[in-house]
1. If one takes the longest principal axis of the Cα atoms in the chain, at what angle in degrees, from 0 to 90 and to the nearest 10, does the Cα axis of helix 312-321 lie?
2. Once you measure Cβ to Cβ distances between cysteines in the chain, which Cys have no partner under 4.7 Å?
3. Among HIS83, HIS287, which comes first, second and so on when ranked by fewest other beta-carbon atoms within 10 Å?
4. Give me the Kirkwood hydrodynamic radius of the stretch 56-208, using the inverse of the mean 1/r over all pairs of distinct Cα atoms, in Å to one decimal.
5. Rank these for me by crowding, ARG163, ARG277, going from fewest to most other beta carbons within 10 Å.
6. Can you classify the stretch 267-347 as rounded, prolate or oblate using the Cα gyration tensor, where a ≥ b ≥ c are the square roots of its eigenvalues, rounded means a/c under 1.5, and otherwise it's prolate if a/b beats b/c and oblate if not?
7. Loop only per DSSP, at most 11 neighbouring Cβ atoms within 10 Å: give me the GluC sites (Glu not before Pro) in the stretch 113-216, ordered by residue number.
8. Long-range amide H contacts for ASN202: which residues qualify at under 5 Å (H placed 1.01 Å from N, peptide plane, sequence gap of 5 or more or a different chain)?
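Bear in mind that the values in this text are calculations on the coordinates, not laboratory data. Here the structure is a predicted model, which means the values were calculated and not measured. As a convention, Cβ positions derive from the backbone with ideal geometry for all residues, glycine included, and neighbour counts pool all protein chains shown.
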Amino acid sequence: MRYRKLGNTGLTVSEIGFGTIPILSGNVPVLPDYYSPELPEAVDIMMHAYKMGCNLYDTAIPEEYGDAEYKLGVFAEKVGREHIIISDKARFMDGNDMFREVQRSAENLGTHPDIYFVHQVDEKNQDETFSRYGALDALCDLKKAGMIRYTGIATHYYSVAARAAADSRVDVIQTSGNILERGILDRIAENAQFQGKGLILNKVYAAGCLIPAFTPAELIGGMLHYPFSCALIGIGTAEQADAAMQTEYVPVSFSFDAVTLRLAQHFAPVPCTRCQRCRCPHGYEVHILLRQYNYYHLGKNYWAMKKLRMNIDEVYEQCRKCTERQCMQDCPQKLRIPELIGRIYEMTR
């Protein structure tokens with residue numbers, strides 16, 4: 001296991017971190033694989049990863065990660081709290097709500113988290129999150145009080161990540177990226193404001209969807225040249241821990257064309273990097289629709305189709321009438337977006 005500095009926090013984190021969603025017990029239908037281990041087995045899996053050098057474990061409140069927070073707390077006590085770094089998160093943008101959730105997380109864990117993220121910050125709720133008395137302010141107060149060590153923003157949006165990078169209150173940013181959806185990371189690599197911020201990367205396997213077409217070595221190796229601190233991998237078995245952590249992976253150079261060509265052996269992928277430059281004048285998030293199309297064909301059939309059907313009729317009608325086509329002008333891949341929206345619309349019939 002190799003280690004990287006977590007921005008300016010002073011922490012050194014393992015290059016591969018442990019994502020705890022797969023060790024929860026309950027029902028999470030969006031997961032491609034589901035394990036639901038009992039407490040002793042879950043602790044053993046986390047210990048297995050620790051013995052291979054993993055020192056960062058990421059979790060969230062029960063409404064999102066079930067009992068994973070509690071299981072992680074039991075593991076932390078067994079392994080020795082000083083030997084691991086815990087990152088936790090909650091999807092609340094109001095300061096009072098966030099203050100309450102951090103206290104509850106500390107109770108569930110039986111210890112204080114090292115890093116606490118405002119989870120799923122997007123372009124609609126970011127103003128509340130960053131505002132005075134918002135969730136980020138609450139995390140700063142909790143940091144001063146010693147309840148957490150570092151503050152974080154977790155987002156799937158480049159614009160939000162860039163705002164967090166420019167905000168001195170934010171210590172660590174968590175965002176998503178993989179060899180297919182590399183657009184956010186490409187933009188981060190070009191933006192000097194991210195220097196000094198800890199960067200934790202999730203969705204390296206695209207929630208498991210890319211595993212049929214690529215090996216863990218390819219998926220992890222293909223990310224190593226990006227300037228992140230720790231890549232989170234969802235781990236549900238000791239075998240998955242071995243696949244993610246047993247080898248010191250070397251960087252692999254995957255051109256975007258090479259990735260889409262490999263996927264083309266399974267279906268006709270939309271070559272979208274999710275750079276999020278395709279700004280729609282009507283406010284529709286084109287990059288999410290294109291992602292759901294790819295995810296549908298990569299195994300998330302039910303979840304992706306459910307998301308697509310939420311507003312595809314409305315998007316299709318507006319896209320058909322639109323004459324501005326700003327989304328196409330700004331797309332680095334030169335995608336013919338109206339035609340792709342039409343393909344998605346037909347797929348949902």
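1. 40 degrees
2. For the chain, the answer is CYS54, CYS140, CYS209, CYS230, CYS272, CYS275, CYS280, CYS319, CYS322, CYS331, because their Cβ atoms have no other cysteine Cβ under 4.7 Å.
3. Values: HIS83 9, HIS287 27.
Fewest-to-most ranking of HIS83, HIS287: HIS83, HIS287.
4. For the stretch 56-208, the Kirkwood estimate is 15.6 Å.
5. Numbers: ARG163 21, ARG277 18.
Ordered from fewest to most neighbouring Cβ atoms within 10 Å, ARG163, ARG277 come out as ARG277, ARG163.
6. Working: a/c = 1.90, a/b = 1.33, b/c = 1.43.
Since a/c reaches 1.5 but b/c is at least a/b, the shape of the stretch 267-347 is classed as oblate.
7. Working: sites: GLU123, GLU128, GLU181, GLU190; in loops: GLU123, GLU181.
For GluC sites (Glu not before Pro) across the stretch 113-216 that sit outside H, G, I, E and B with at most 11 neighbouring Cβ atoms in 10 Å, the list is empty.
8. THR175, SER176, GLY177, LEU232
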